[in-house]
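Student: Starting off with a structure, shown below.
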Amino acid sequence: MRETRLLMGMPITVEVRDPRATRDDLAAVFAYFTSVDETFSTYKATSVISRLNRGELALEDCGEEVRTIFALAEQTRRETHGYFDITRDGIRDPSGIVKGWAIHNAARRLREAGYRDFYVDAGGDIAVSGTKDGAPWRVGIRNPLNRQQNVKVLAVTDRGVATSGTAIRGQHIYNPHDPDTPLLDVLSLTVIGPNVYEADRFATAAFAMGQRGIHFIEELPGFEGYLIDARARATSTSGFERYVLRV
Amino acid sequence: MNTLAVKKLAVSVLIVGTFILYALLHNSRSSAAPVALVPATPTSPGAAADTPAATDTGTGNATAAPSPTDTPSTRYKNGTYTGGVADAQWGLVQIKAIIKNGKIADVQWVQYPSDRERSVFINSIADPQLTQEAIQAQSAQVDIVTGATDSSFAFMQSLTDALSQAQA
């Protein structure tokens, strides 16, 4: 059973292969994403984060989820040498960490509901659980230079896959150490990690590091990466090949 | 008061020391970036004038080696192609490309500086196990696609339309 909805400004797809899956279970996942959006959307004037940024709410009054996200963002900032920073010009925009966190939580809810074989895909960041008909899920890495194409096909089970990039949307990641210089060398950086929360936050931070980002991923135990630069060249970490589908 | 002065001094030394360390590290790491770039760029400013850039020509054991920077759809001739030596400013590098089934199967370092202290440091950061390839379109069926978020207005409009049609 599969369903796609447009939420948080992106297509979100949930597919559950377990035969007993119901429409209600999928609807509950989408309802969760909607509630996350109500809290964290910087595009919504009524969201908790918008009210916090306007000074209408104090951090103590923002609720547990917001405090959790801020703590996770701070932890990530430290772990990435400051390359991950949700504060810019005094405005806090935790979108870079909320997405992966929300996908991860959505996947956990499905697992807690007893499901095994599913994925949750929000705008190209994916939580993958179990298998599809007994085989690993096939995840294509989109060509940032031609979105009709995939340039790699991964075979993935119980992992998170996230890609950061500039390809279509334009610049949405910047280097906190050098905010005015656009990141053009690297078009996309795909990270495979133990879960989508981990993959997403490190993909975002490593992308901000430019060409060095792939070395950062190489140093992280349990993570693999695939970087595509503006010259249509890809650089992969030493263990990446084990996720590449053999046909 | 005296202990305060000592504390101040200690803090100052720590801050200055950290900054210097950071600057050194940052500099060296910045230098590490071209490691991945040099072999991929025929017009690399790091390539010395008297030696062709690594990917310009296959000056090794094969003639008429195609440039790996051609479009991904280009089919290459099978074999192993060794590039010329290129000056990457922090040392000389040389690259070998292995072509199998018309595709770039692997790119390996033939020459990689390790004689100088700084180069050793760069080596330790830039893991030589990282491999490069030209991206190639894959035809295998996929279940999911990962890629940078696409949420431009036109895209969302089109997608919304497509999805509404797709609803049975």
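The values are calculated or read from the model by the stated rules, or taken from the named source; none is laboratory data. In this text, all values refer to a predicted model and were calculated from it rather than measured experimentally. When we count neighbours, we look across all protein chains shown, and the Cβ atoms used for this are built from the backbone with ideal geometry, even at glycine.
Student: Take the range A:34-55 and flag every residue that is buried (at least 17 other Cβ atoms within 10 Å of the Cβ) and within 14 Å of another protein chain (Cβ to nearest Cβ).
Tutor: Selection gives A:Asp37, A:Ser41.
Student: Between A:Val156, A:Val139, A:Val161, which is within 22 Å of A:Tyr32 (Cα to Cα), at pLDDT 95 or above and of a type in the set (Val, Ile, Thr)?
Tutor: Result: A:Val161 is the single residue among A:Val156, A:Val139, A:Val161 that is within 22 Å of A:Tyr32 (Cα to Cα), at pLDDT 95 or above and of a type in the set (Val, Ile, Thr).
Yes or no, residue by residue, for (1) outside any helix (DSSP H, G or I); (2) among the aliphatic types (A, V, I, L, M):
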position: A:Pro11; (1), (2): yes, no
position: A:Asp18; (1), (2): yes, no
position: A:Ala28; (1), (2): no, yes
position: A:Ser35; (1), (2): no, no
position: A:Glu38; (1), (2): no, no
position: A:Thr42; (1), (2): yes, no
position: A:Glu56; (1), (2): yes, no
position: A:Glu65; (1), (2): no, no
position: A:Ala102; (1), (2): no, yes
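Student: Check whether at least one residue in the range A:80-94 is touching a residue at least 60 places away in the same chain (Cβ under 8 Å) and within 30 Å of A:Pro136 (Cα to Cα), and report yes or no. Talk me through it step by step, then tell me what you get.
Tutor: Step one: of the range A:80-94, the residues touching a residue at least 60 places away in the same chain (Cβ under 8 Å) are A:80, A:82-85, A:88.
Keeping just the survivors that are within 30 Å of A:Pro136 (Cα to Cα) gives none.
Looking through the range A:80-94, none of the residues is touching a residue at least 60 places away in the same chain (Cβ under 8 Å) and within 30 Å of A:Pro136 (Cα to Cα).
Student: Moving on. Applying the selection to the range A:215-247, what residues are within 9 Å of chain B (Cβ to nearest Cβ) and under 17 Å from A:Gly165 (Cα atoms)?
Tutor: Once the filter is applied, which keeps residues that are within 9 Å of chain B (Cβ to nearest Cβ) and under 17 Å from A:Gly165 (Cα atoms), the range A:215-247 yields A:His215, A:Leu227, A:Ile228, A:Asp229, A:Arg231, A:Ala232, A:Arg233, A:Ala234, A:Thr235, A:Ser236.
Student: A further question follows. Mind checking whether some residue in the range A:76-92 is part of a loop (DSSP other than H, G, I, E, B) and acidic (Asp, Glu)?
Tutor: yes
Student: Which residue pairs have Cβ atoms under 6 Å apart, sit 6 or more places apart or on different chains, and have a first residue in the range A:197-214 that is touching a residue at least 24 places away in the same chain (Cβ under 8 Å) and within 11 Å of chain B (Cβ to nearest Cβ) and a second that is of a type in the set (Phe, Trp, Tyr) and in a helix (DSSP H, G or I)?
Tutor: Pairs that qualify, where the first residue is touching a residue at least 24 places away in the same chain (Cβ under 8 Å) and within 11 Å of chain B (Cβ to nearest Cβ) and the partner is of a type in the set (Phe, Trp, Tyr) and in a helix (DSSP H, G or I), are A:Met209/A:Phe216; A:Gly213/A:Phe207.
Student: Would you check if there is a residue in the range A:14-31 being within 14 Å of chain B (Cβ to nearest Cβ), closer than 25 Å to A:Ser164 by Cβ and in contact (Cβ under 8 Å) with a residue 40 or more places away in the chain? Please lay out each step first, then the result.
Tutor: Of the range A:14-31, the ones within 14 Å of chain B (Cβ to nearest Cβ) are A:14-17, A:23, A:30.
Subset that is closer than 25 Å to A:Ser164 by Cβ: A:14-15, A:30.
Narrowing further to those that are in contact (Cβ under 8 Å) with a residue 40 or more places away in the chain: A:14-15.
Scanning the range A:14-31, I find at least one residue that is within 14 Å of chain B (Cβ to nearest Cβ), closer than 25 Å to A:Ser164 by Cβ and in contact (Cβ under 8 Å) with a residue 40 or more places away in the chain, so the answer is yes.
Student: I need a count of the residues in the range A:10-29 that are within 23 Å of A:Ile69 (Cβ to Cβ) and surrounded by 16 or more Cβ atoms within 10 Å (Cβ to Cβ).
Tutor: 5
Student: For the range A:130-156: of the residues being closer than 20 Å to A:Phe202 by Cβ and more than 7 Å from chain B (Cβ to nearest Cβ), which is surrounded by the most Cβ atoms within 10 Å (Cβ to Cβ)?
Tutor: Quick first cut of the range A:130-156, residues closer than 20 Å to A:Phe202 by Cβ only: A:139, A:141-142, A:144, A:152, A:154, A:156.
Subsequent filtering for residues that are more than 7 Å from chain B (Cβ to nearest Cβ) retains A:154, A:156.
Values: A:Leu154: 27, A:Val156: 23.
Among those that are closer than 20 Å to A:Phe202 by Cβ and more than 7 Å from chain B (Cβ to nearest Cβ), it is A:Leu154.
Student: Can you tell me which residue in the range A:111-127 is surrounded by the fewest Cβ atoms within 10 Å (Cβ to Cβ), limited to those that are at the interface with chain B (Cβ under 10 Å from one of its Cβ atoms) and outside any strand (DSSP E or B)?
Tutor: Only one residue tops the list, namely A:Gly123.
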